[in-house]
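The values are calculated or read from the model by the stated rules, or taken from the named source; none is laboratory data. Here the structure is a predicted model, which means the values were calculated and not measured. Cβ atoms come from the backbone with ideal geometry, glycine included; neighbour counts cover every protein chain shown.
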Amino acid sequence: MNLYNKYRPKNMLEFVGQNHLKKSIFYFLKNKKIPSSFLFFGKKGTGKTSFVNIFYRLLNCKQFNNNLFCNTCKNCLLIKKNKNLDYYKLDASINRKIEKVEELISYFKYLPIKFKYKLICIDEIHLLSKQAISLLLNFLEFPPSYIKFILLTTELDKIPTPIVSRCILFNFKNLTVNQIFKHLINISKKENIICTRKSLLLISEYSNGSIRDSLNLLEIAKSISSKITSKIINLFLNKISKRFIFKIFKFLLNRKISNILKIIIWIKKKKIEISKFILNILNYLNCLIFYKFFYNYFPFYYYNENENNYKYINLSFLKLKLIRRYLIYEISYFNYIVYDYNCLFCLFFEIYYIINTQERI
Ligand SMILES: [Zn+2]
């Protein structure tokens, strides 16, 4: 089991962040005024699915207290035995057809088997087909009193307004670096992972507010090294140094194909994602073009400690522009073939060709 699934929060105490939503849900449950439809929206990995699972437990617990289900009442014990009792989940990313919604409707025609409510959760609802959405809409308008809907989406702007207006909106905010950092410290202790605080901070910063991304990164780092340091994190986050980019261009310019091959083998060994690698080069090229254009200055150099001097590479505007355009064109392709290193060779070859072809301006 991966770290993310292993440490999925089982109750609100373990749940990281989203305190505004915890308060709202507690308010609804405490006052027994639970809206019939919710729409949870927010980025992947911000806790939507875990929140639904905990809500399901709270909704059915007979003696929940302070957003914690008791785990001992009759209903809690029933759920322990049979996890999906009076609970139906549809993942629209797997099945978006109208037949699935029809199946769902037939499910909520009947009264709950054991509990007061039937909970229906539709994940990635924006992926449902148009017909499926309009069928669902009819039922969202006047659902039976025993039905509670929770709709989940990562793309709120794709949800038709009639659906949005019929739901209570729950905004799952990106988690802060600090929230993720604390969580990572906690988990690395439980898992006995040897790591520096700085490395965990780097992961937290890089996860863009997603707990899932942060734990996946921690997992990859763990598989690379028994001791996680910031150097290792920088390496697999593909924060390639300027010096490294310089080296690649130097080899390309000097037609040192064997060295380029060595670089590809190195990238392959370090399991660096090609699209991220390209992005690093692109960012650097953008910076070069900016300086060249506005200041007529070309900072494509590095300081060579052994020779105690600076090494320069100069490339014309046209060549920079062509390489940049080519990389932008390729980057989406490499999003699909993340680790195809043969393609990386072709990519270098294209740049090699651009660099070493005589310009005609
Ligand atoms: Zn209970």
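When every residue of the stretch 97-114 is checked against the conditions, none turns out to be in the same structural domain as Asn11 (by TED's automatic domain parsing) and within 20 Å of Pro9 (Cα to Cα). Checking the condition among the aromatic types (Phe, Trp, Tyr), in a helix (DSSP H, G or I) and within 22 Å of the chain's Cα centre (by Cα), which residue from Phe40, Phe26, Phe51, Phe15 passes? Result of the check over Phe40, Phe26, Phe51, Phe15: Phe51. Kindly indicate whether any position in the stretch 169-178 is part of a helix (DSSP H, G or I), surrounded by fewer than 20 Cβ atoms within 10 Å (Cβ to Cβ) and of a type outside the set (A, V, I, L, M). So far as the stretch 169-178 goes, yes, one or more of its residues are part of a helix (DSSP H, G or I), surrounded by fewer than 20 Cβ atoms within 10 Å (Cβ to Cβ) and of a type outside the set (A, V, I, L, M). Restricting attention to the stretch 189-209, the residues that are surrounded by fewer than 20 Cβ atoms within 10 Å (Cβ to Cβ) and either of a type in the set (Ser, Thr, Tyr) or farther than 14 Å from Lys227 by Cβ (or both) add up to 7. Only one entry of Thr72, Thr154 meets the criterion of being of a type in the set (Val, Ile, Thr) and within 16 Å of the ligand (Cβ to nearest atom), and that entry is Thr72.
Quick test for you: out of Lys62, Lys116, Lys83, Lys109, pick the one residue that is part of a loop (DSSP other than H, G, I, E, B), modelled with pLDDT under 85 and within 16 Å of the ligand (Cβ to nearest atom).
Answer to the selection: Lys83.
Among the criteria (1) touching an Asp or Glu at 6+ places or on another chain (Cβ under 9 Å); (2) within 22 Å of Arg255 (Cβ to Cβ); (3) at pLDDT below 75, the one Tyr302 does not fulfil is (1).
Residue-by-condition table, conditions (1) among the acidic types (Asp, Glu); (2) more than 25 Å from Arg57 (Cα to Cα); (3) more than 26 Å from the chain's Cα centre (by Cα):
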{"residue": "Ile125", "(1), (2), (3)": "no, no, no"}
{"residue": "Ser145", "(1), (2), (3)": "no, no, yes"}
{"residue": "Ile150", "(1), (2), (3)": "no, no, no"}
{"residue": "Lys158", "(1), (2), (3)": "no, yes, no"}
